[in-house]
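Peer 1: The following block contains the structure, expressed as structure tokens.
The values are calculated or read from the model by the stated rules, or taken from the named source; none is laboratory data. This structure is a prediction, so every number in the text was calculated from the model and none was measured. The accessibility values were calculated without ligands, DNA or RNA, using every heavy atom of the protein model including side chains. Shrake-Rupley method; radii C 1.70, N 1.55, O 1.52, S 1.80 Å.
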Amino acid sequence: MRARWPNILLSLWLMVAPLILGFDSPQARANTVTVGLCLFLFVLVADSIPAFRFVDTALGLWLAASAFVLGYGDQLLPTAHNVIVGLAVAGLSLLPAHRAGQLSLRPSREVHA
């Protein structure tokens, strides 16, 4: 569950941020909403298939770099927003799945003999 909830909240934020913050660039709006939708789906999948958390990492890194790749890097608000949120998503996705002593809500699959 490592960063499931923070990344779900960030994905939801990405879907509404262009409207709330008033992104002028159509590329910034479309990219931010699309990354938010993809992130939402892959965060849910990564809970069952831990290797998919690296897709979340890639989405975060793409979001951070996309302003410069898609050509809206000269607009301060969407660029700063996407770099900050993208790096947060990437960082959260790299956290370990479970820490020692962390309560697990899933039943253990260990077989006791």
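Peer 1: What accessible surface, in Å², does a 1.4 Å probe find on Phe54, ignoring ligands, DNA and RNA and rounding to the nearest 10?
Peer 2: 110
Peer 1: Turning to a different aspect of this structure: Heavy atoms of the protein only, probe of 1.4 Å, neighbouring chains included. What is the accessible area of Trp62 in Å², nearest 10?
Peer 2: My reading of the accessible area for Trp62 is about 90 Å².
Peer 1: Using a 1.4 Å probe, how large is the accessible area of Ile49, given in Å² and rounded to the nearest 10?
Peer 2: 80
Peer 1: Quick one: what does P(r) look like for region 24-81 with 10 Å bins over all Cα pairs, in whole %?
Peer 2: So the P(r) values, bin by bin, are 24, 47, 23, 6.
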